[in-house]
Amino acid sequence: MIAKPWLRAVWLCCLLLLSLPAAAQIEIVDQAGRTVRLAEPARRIMFSEPGDFTVLAMLDENPASRIVAWNRWRLDQHTVNQWRSIDPEAFDRITQMSIDGPHNLNAEALIVHAPDLVVLDHFFGSAKQAVSQLEQAGIPVAILSLEANLRLRHPTEGIEKLAVLIGREERGKEVSAFIQEHLGRITQRVAQIKASGVELPTVLMEPHAGSGPCCLSMGEGRSMGDLVVLAGGQLIGSEIIEDMSGQLSAEYVIASDPAVYIGTGGQHMKARGGLLLGADVDAAASRASLKRVLQRVGLAQTRAVREGRAHGIWHSGFSIVNLELIATWLHPESFKDIDPAATLAEIDRRFMAKSLTGTFWTSLAPAEK
């Protein structure tokens with residue numbers, strides 16, 4: 001019996017469909033060694049870190065369109081408003097979360113938003129039960145630290161892996177190459193400085209500068225204190241501070257007599273009378289706030305202040321720009337050809353749909369004390 005032509009056509013189509021390869025999966029191994037698979041590029045993402053929006057903005061022209069929930073618990077409203085201006089409608093659809101630690105990560109609250117990917121920093125990735133609940137609900141979880149950790153052998157790994165998960169692998173490689181090129185320029189020159197045998201400058205780096213008596217200090221570890229070491233400085237206090245930061249007495253600071261002072265600040269410091277930096281901050285107001293910070297007992301007596309080697313830096317800035325800034329402050333002659341402002345401008349031009357505007361670093365000359 002000869003099949004009717006239309007039945008034969010259906011049969012042939014079925015054979016053709018069966019012979020086609022299955023849709024290719026997107027697959028990575030995250031930074032916790034876990035395999036993460038997606039059927040297609042992620043378009044409904046939950047991010048656990050405030051700075052993750054900035055990284056996504058380097059990879060995607062409209063980052064808000066890919067985010068369903070975002071933990072921005074430490075981010076100031078001025079920065080949030082500038083990111084919102086890229087696409088207010090898409091931004092306003094994002095659930096703005098405020099989760100201060102892994103113990104408060106609620107899987108049920110995330111599942112409600114039906115994300116197709118949850119990206120957790122290592123800090124939040126320690127919430128094992130929540131991660132298990134999400135994966136049992138069929139929601140992939142990637143443990144990725146997206147901010148470039150410049151002290152690591154592969155500092156842009158998190159950025160590159162996220163780029164794969166959103167279908168922007170080539171863009172991720174471009175961003176990575178840019179960061180690593182600028183990083184290599186600093187580290188190679190610092191190696192030459194160390195090989196010359198010169199004494200490295202001592203540095204006091206104070207987080208949230210001016211929030212209390214002199215002086216908080218950075219420790220070594222996963223923090224901006226590492227940028228001081230990478231840039232060829234000796235971080236005072238790191239020998240006694242076991243955590244990312246700790247309190248030093250005014251007497252200790254005076255006795256250490258750091259050659260360079262670097263305070264970190266942000267908009268949240270305005271109410272505390274501390275170091276004011278960030279989106280929408282006026283340059284004159286930022287310098288005035290640094291001047292107030294430097295007048296505290298203990299800090300005012302250091303040669304860093306006496307000799308006009310005192311600076312402020314936005315703690316939420318691009319790490320590669322911050323590294324260049326610190327290198328130029330620590331070794332001005334060796335890095336006189338490095339222009340952090342030009343680096344920031346190139347990041348904005350090549351990678352960002354919108355650049356943040358404000359004051360992101362400041363310095364005082366001796367006459368301004």
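Using the Karplus relation 6.51 cos²θ - 1.76 cosθ + 1.60 with θ = phi - 60°, the per-residue 3J(HN,Hα) values for segment 162-171 come to 4, 4, 5, 5, 9, x, 10, 4, 5, 5 Hz, with x marking Gly and Pro. When you restrict to C-alpha pairs under 8 Å that are six or more residues apart and normalise by the size of the chain, the relative contact order lands at 15 percent. A cut-off of 5 Å between modelled amide H atoms, ignoring neighbours fewer than 5 places along the same chain, links residue 364 with 310.
Taken along the Cα-to-beta-carbon direction at a fixed 7 Å, the label points for residue 77 and residue 103 span 2.9 nm. A DSSP coil position with no more than 12 other Cβ atoms inside 10 Å describes the following GluC sites (Glu not before Pro) in segment 126-206: 199.
The distance from the alpha carbon centre of segment 294-369 to that of segment 148-185 is 23 Å, rounded to a whole number.
Applied to segment 106-121, the Karplus parametrisation 6.51 cos²θ - 1.76 cosθ + 1.60 on θ = phi - 60° returns per-residue 3J(HN,Hα) values of 9, 4, 4, 5, 7, 4, 3, 8, 6, x, 9, 6, 10, 10, 10, 5 Hz, with x for Gly and Pro. Under a Gaussian network description of the chain, with springs only between Cα atoms under 10 Å, the residue in 326, 28, 313 that fluctuates furthest is 28. Against the chain, whose longest principal axis comes from its Cα atoms, helix 319-330 is set at around 20 degrees.
Too long at a 29 Å Cα-Cα cut-off: which of 161/194; 128/161; 161/336; 194/336? Exceeds cut-off: 161/194; 161/336. Return one number: the angle in degrees, 0 to 90 and rounded to the nearest 10, between the long axis of the Cα atoms of helix 5-19 and the longest principal axis of the Cα atoms of the chain. It is inclined by approximately 30 degrees.
Extending 7 Å from Cα along the Cβ direction at residue 40 and again at residue 174 yields two label points whose distance is 2.4 nm. Database remark: amide H of residue 316 closer than 5 angstrom to no amide H (H placed geometrically; neighbours at sequence offset of 5 or more, or on other chains; Pro and chain starts carry no H). Using Cβ point charges alone (K and R +1, D and E -1), the dipole size of segment 106-181 about the Cα centre works out to roughly 160 debye.
Probe radius 1.4 Å, ligands and nucleic acids ignored: give me the carbon and sulfur share of the accessible area of the chain as a rounded percent. For the chain, the apolar C and S fraction of the accessible surface comes to 53 percent.
Averaging Cα coordinates gives a centre for segment 260-288 and one for segment 205-232; these two points are 15 Å apart. With respect to the chain, whose longest principal axis is taken over its alpha-carbon atoms, helix 340-351 is tilted by about 10°. Among beta bridges from DSSP that stay inside the chain, the antiparallel ones total about 35%. Counting only protein chain heavy atoms and rolling a 1.4 Å probe, the accessible areas of 344, 117 rank, largest first, as 344, 117. Comparing 210, 273, 312 in a Gaussian network model of the chain where C-alpha atoms under 10 Å apart are linked, the largest mean-square fluctuation is found at 273. Please work out which option in (1) 20.4, 64; (2) 21.1, 71; (3) 24.3, 103 gives Rg and Dmax of the Cα atoms in Å calculated from these coordinates, and answer with its label. Here the calculated entry is (3).
Placing unit charges on the Cβ atoms only, positive for Lys and Arg and negative for Asp and Glu, gives segment 222-369 a dipole magnitude near 520 debye about its Cα centre. Across segment 334-339, coupling constants 3J(HN,Hα) worked out from phi with the 6.51/-1.76/1.60 Karplus curve, θ = phi - 60°, read 5, 10, 5, 8, 8, 10 Hz, and Gly and Pro carry x. Once backbone amide H atoms are built at 1.01 Å from N, residue 216 has 248 as its partners under 5 Å, excluding neighbours fewer than 5 places away on the same chain.
The values are calculated or read from the model by the stated rules, or taken from the named source; none is laboratory data. It should be emphasised that the depicted structure is a prediction, and the values quoted were computed from it without experimental measurement. Every residue, glycine as well, gets a Cβ built from its backbone with ideal geometry; the counts of neighbours run over all protein chains shown. Heavy atoms of the whole protein, side chains included, go into the accessibility calculation; ligands, DNA and RNA do not. Shrake-Rupley method; radii C 1.70, N 1.55, O 1.52, S 1.80 Å.
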